[in-house]
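The values are calculated or read from the model by the stated rules, or taken from the named source; none is laboratory data. Keep in mind that this is a model prediction, so the values were computed, not measured. So basically every Cβ, Gly included, is an ideal-geometry build from the backbone, and we count neighbours across all protein chains shown. Side chains are part of the model used for accessible areas, which takes the heavy atoms of the whole protein and leaves out ligands, DNA and RNA. Shrake-Rupley method; radii C 1.70, N 1.55, O 1.52, S 1.80 Å.
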Amino acid sequence: MSKNIESISEFLIHAGTQYLTFDLGRCQRLLNTQTFLAIENGEIPAPNPRQQHFWCGIVYWNKSLSQQRYIWFIKLPLDENGFIVDAARQHFLEIVVNALTHAQPDQAMDLANTEQNTQNPYVFVPNQQQLADFNAHTRAQLGLAACADYQIALGYLQAPFIQDWQTISLQGLADVIAFADEETLSGILSNAAGKYPASVLQYLFSSLENTSLSQQLVDVITQGIHWQSDDNTTNLIMSLRALAQMPNNSQR
């Protein structure tokens with residue numbers, strides 16, 4: 001592959017892959033291809049910077065070679081105006097191209113796990129919550145099935161007094177938020193604080209924070225906020241965080 005690659009987008013296109021990109025700076029948001037390219041090219045600043053970096057997750061695949069999908073988690077430094085530092089992005093690409101050059105043929109697509117690339121200072125490992133939500137939203141965007149734990153988690157949420165909550169996986173809960181329909185989610189979230197232990201609530205509301213909400217779900221969550229007691233600070237804060245991507249800013 002040529003070493004005159006000018007952007008991550010260009011690299012992925014030249015590699016013959018299709019890809020989806022998510023902004024992981026503050027919450028998780030799907031980035032369309034043109035927006036990602038504009039951020040890379042310094043046409044617009046990173047929309048949701050965190051700790052003076054642009055954080056993103058990229059899932060890519062090449063159907064002609066394999067049905068498998070691969071993931072990159074990348075953080076690139078920003079200048080004082082919020083634009084990607086071009087030299088850092090070029091350094092990242094140099095490391096990737098060098099890793100690809102030395103990779104075995106059967107490793108060529110799995111760029112994130114080649115030996116040289118694991119030392120890449122621009123690669124990060126998300127926490128468990130971020131990873132669960134990323135996996136759930138990626139599969140939902142690609143029209144793939146929910147994970148094997150989805151039905152178990154959904155069954156628990158609909159009848160929490162029948163099943164032990166400690167048997168429910170974080171990935172299963174994240175998939176419920178990403179895959180369940182609005183009516184199902186509304187039923188789950190109605191008076192949620194009275195039905196589930198704090199740990200389950202934390203996972204649910206954290207997944208909601210990483211999800212674009214409909215007005216119907218916003219109304220259900222805000223109703224829950226109104227009936228909660230003033231001294232239940234933890235639940236109130238979690239509920240407010242869950243509204244991070246609500247469509248109505250004035251209501252927030």
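Data overview
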| quantity | calculated |
| --- | --- |
| Filtered residues of segment 172-208 (kept if open to solvent by 40 Å² or more (accessible area, probe 1.4 Å), of a type outside the set (G, A, S) and assigned to a helix (DSSP H, G or I)) | F179, E182, E183, Q202, Y203 |
| Cβ pairs under 9 Å, 6+ apart, first in segment 82-93 and open to solvent by less than 20 Å² (accessible area, probe 1.4 Å), second hydroxyl-bearing (S, T, Y) | A88/Y122; R89/S7; R89/Y122; F92/Y122; L93/S7 |
| Criterion: at pLDDT 95 or above and either under 20 Å from the mean Cα position of the chain (by Cα) or open to solvent by 60 Å² or more (accessible area, probe 1.4 Å) (or both) - qualifying residue of T211, T138, T167 | T138 |
| Any chance A108 is within 22 Å of T21 (Cα to Cα), modelled with pLDDT under 95 and open to solvent by less than 30 Å² (accessible area, probe 1.4 Å) | no |
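Table: residues versus (1) on the phi > 0 side of the Ramachandran plot; (2) aliphatic (A, V, I, L, M); (3) surrounded by fewer than 15 Cβ atoms within 10 Å (Cβ to Cβ); (4) at pLDDT below 85.
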{"site": "S64", "(1), (2), (3), (4)": "no, no, yes, yes"}
{"site": "F73", "(1), (2), (3), (4)": "no, no, no, no"}
{"site": "D79", "(1), (2), (3), (4)": "no, no, yes, no"}
{"site": "V97", "(1), (2), (3), (4)": "no, yes, no, yes"}
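Yes or no, residue by residue, for (1) under 20 Å from A87 (Cα atoms); (2) under 14 Å from the mean Cα position of the chain (by Cα):
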| position | (1), (2) |
| --- | --- |
| F22 | no, yes |
| G25 | no, yes |
| N41 | yes, no |
| Q51 | yes, no |
| W55 | yes, yes |
| N62 | no, no |
| S66 | no, no |
| F73 | yes, yes |
| L76 | yes, no |
